[in-house]
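Okay, structure first, notes after.
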Amino acid sequence: MFSIMFDTNKAPPVVPKEGDLYKEVTIGGKTFRLFYGYYEEFEREGQYNDPMPIYPDLQEEPIFTDDGEPIITAIQDVCEHYSGKPNAIGDGCIDCLFFEQCEELFGICKNKSRKQVSEIQTNVQDE
């Protein structure tokens, strides 16, 4: 009777391990593999020390969509083109008018001045 009311046969949740694949995400033609881990050594300590999905540092190593727009994360620091949304409560890219949300914490910066134009596109435009 209790097994009907409470699913006693249910396995406990699996706790991810550092290095386990969290998810594969494709944004603007670029694929990112997110793994569980830690950003800082101190995050391994304490009661809540389970690894978390680690996002690439797209400020340090920018990656652009196939259309030349910068792929960013909602949690990264803002750039010089930041323009806050009305009622923004933070100061991350997620609060910028140019931030277009994609999957997970990824987004695309829609500020035209940050768009990367390839030489092929430039040559076509010049003709």
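The values are calculated or read from the model by the stated rules, or taken from the named source; none is laboratory data. Everything quoted here is computed from the prediction, not taken from an experiment. In case anyone asks, the SASA skips ligands and DNA or RNA and just uses the protein heavy atoms, side chains included. Shrake-Rupley method; radii C 1.70, N 1.55, O 1.52, S 1.80 Å.
Based on the Kirkwood approach, the hydrodynamic radius assigned to the chain is 17.6 Å, with every pair of different Cα atoms included.
How much of the accessible area of the stretch 14-127, in percent, comes from carbon and sulfur atoms when a 1.4 Å probe is used? Spell out each step's value before the answer.
Values: 3840 of 7880 Å².
So the carbon and sulfur contribution to the accessible surface is 49 percent.
Solvent-accessible area per residue in the chain equals 74 Å², computed with a 1.4 angstrom probe and all protein chains kept.
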